[in-house]
Amino acid sequence: MSTAQSSYLGRGALRQLGEVLREASPRSVFLVKSPDAYEASGAQPLVEEALAGLETRSFDSFTPNPKWPDIMAAMEFFRRSPCDLILAVGGGSAIDIGKLVGLLSLQPAAPESYLKEGVEPSGPVIPLVAIPTTAGSGSEATRFAVAYYEGKKYSIAHEKILPSWCLVDPALTDNLPSLWSASSGLDAFCQAVESMWAVQSNDESVGYSKEAIALALEHLEAASTSPTRAARDGMCEASHLAGKAINISRTTAAHALSYTMTSDLGVPHGHAVSLTLGAVLAYNYGLGEEDCLDPRGAGHVRGRIEEVLELLGARSLEDGRRLIHALIESTGCTASLKAIGIKSPEDISALTDGVNTERLGNNPRTFTDESLHAMLRELHAESGGGDR
């Protein structure tokens, strides 16, 4: 299967689904749909019109942040009546479930082995059409899929995971609630910023990142608090570009630190990532050759971070942190660790215990247990007690 992707971007993109289905020529379609967003986004009538006459099976029994039992239930449902094509409509969770069903359902080994042991898929993969209804995860543009297994977040990366087609229609985000607009938009912004300094970044990913950062800075606040068509369109483009950036570079420490906040404290993913972004930016800027993981050297990393500061319009490193803090709060979210329930040294230890070490390996500066705790203690001390 080719890893090339056909993308349809912009208002009205969903109306191209019929053309995509004619190109794919499936006899049957497995529809993974977010329980609420499928109808609330306005996708339902257009999708059902395009699917008319095709044998369709639907799955929507899952919660946000895909958990392994939900994914297994989807795979078991698919295996009972396999389909030629998977269509995922919803946020990152729906798309990730679609990815994992398509990748794992026809593999010979136990599904857990591909998730936990890194076994290489050898069986066929079901092609996927991804239609996002949020502006943030960028999952429609990536070769990754995530799953929470016994409370721990795992990620599978494989070229065959990249959806064969994606349709990014900002109209599907017009009814997105403020909280989800804020969190998903913050996720896109953080992905783009982290991609700038990631060890695996390159000139192509940096180009995507810069465009995404500029769009998020222009549109995120409005999309979260007083959305206009322009703001929705801008954030959908930012999200897609950020997804293309991390598809190359992957994410870094701020994402690694977010998972416990989401799984244990219920903080929406993008919001959780944003809470440590400024601290990670400052920590990475302080690297030297002795603790630099990027083979291009400490000067290269600092240069990339200075480009981020320039995009932010920051006069200094501390000004950059202040501007990130202000951006978070402009969406209606808190920028305080204390406000989300991290109130003691034990809470900080729980946060570090849940760190995804794979993401830390892509961070340009080495973390030790001591340096990670020190960064979080300092950030915690700076946190106000606001409860917004």
* Asked: Can you give the relative contact order of the chain as a percent, counting alpha carbon pairs under 8 Å and 6+ residues apart?
  -> 15
* Pull out a ≥ b ≥ c, the square roots of the eigenvalues of the alpha-carbon gyration tensor of segment 339-381, then state rounded if a/c is under 1.5, prolate if not and a/b is larger than b/c, and oblate in the remaining case. => prolate
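Roll a 1.4 angstrom probe over the protein heavy atoms and tell me the percent of accessible area of the chain that is carbon or sulfur.
C and S atoms contribute 49 percent here.
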* To do: Find me the longest stretch of the chain that has none of the exposed GluC sites (Glu not before Pro), where exposed means in a DSSP loop (not H, G, I, E or B) with at most 15 other Cβ atoms within 10 Å.
  => 151-388
* With the Cα gyration tensor of segment 38-107 giving a ≥ b ≥ c as the square roots of its eigenvalues, does the rule (a/c under 1.5 for rounded; else a/b larger than b/c for prolate; else oblate) give rounded, prolate or oblate? -> oblate
* Size of the dipole of segment 307-372 about the Cα centre, Lys and Arg at +1 and Asp and Glu at -1 on the beta carbon, nothing else charged, in debye to 20? -> 200
* Rg to Rh, two decimals, where the chain supplies the alpha carbon set and Rh follows Kirkwood -> 0.96
* If each Cα of segment 183-317 is one equal point scatterer, what is log10 of I(q)/I(0) from the Debye formula at q = 0.12, 0.15, 0.20 Å⁻¹? -> -0.44, -0.69, -1.18
* **In segment 215-316, the trypsin sites (Lys or Arg not before Pro) that fall in loop regions by DSSP, at most 16 other Cβ within 10 Å** => 296, 315
* **Whole-angstrom Cα spans of segment 119-200 along principal axes, big to small** => 41, 29, 29
* Helix 317-330 vs. the chain, principal-axis angle (Cα, 0 to 90°, nearest 10) -> 50
* Asked: Which angle between 0 and 90 degrees, to the nearest 10, do you get for helix 68-80 versus the longest principal axis of the chain when only C-alpha atoms count?
  -> 20
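From the helices alone, meaning DSSP H stretches of at least four residues, give me the mean residue ellipticity at 222 nm for the chain, per-run term -39500 (n - 2.57), in deg cm²/dmol to the nearest 500.
Working: 17 runs with 202 residues, N = 388.
Theoretical 222 nm ellipticity from helices: -16000 deg cm²/dmol.
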* To do: Just read off the accessible area of residue 158 with the full protein assembly in place, 1.4 Å probe, to the nearest 10 Å².
  => 30
* Residue pairs, from the table 160/244; 67/244; 33/116; 33/67; 153/244; 33/160, whose Cα atoms sit over 23 Å apart -> 67/244; 33/116
* Write down the accessible area per residue of the chain in Å², having rolled a 1.4 Å probe over the full set of protein chains. => 39
* Structure fact -> Taking Cα atoms, the helix 369-382 axis meets the longest principal axis of the chain at an angle in degrees (rounded to 10) of 80
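The values are calculated or read from the model by the stated rules, or taken from the named source; none is laboratory data. Bear in mind that the values here come from a model prediction, so they are computed numbers and not experimental data. Here the Cβ is made from the backbone with ideal geometry for all residues, glycine too, and neighbour counts use every protein chain on show. In case anyone asks, the SASA skips ligands and DNA or RNA and just uses the protein heavy atoms, side chains included. Shrake-Rupley method; radii C 1.70, N 1.55, O 1.52, S 1.80 Å.
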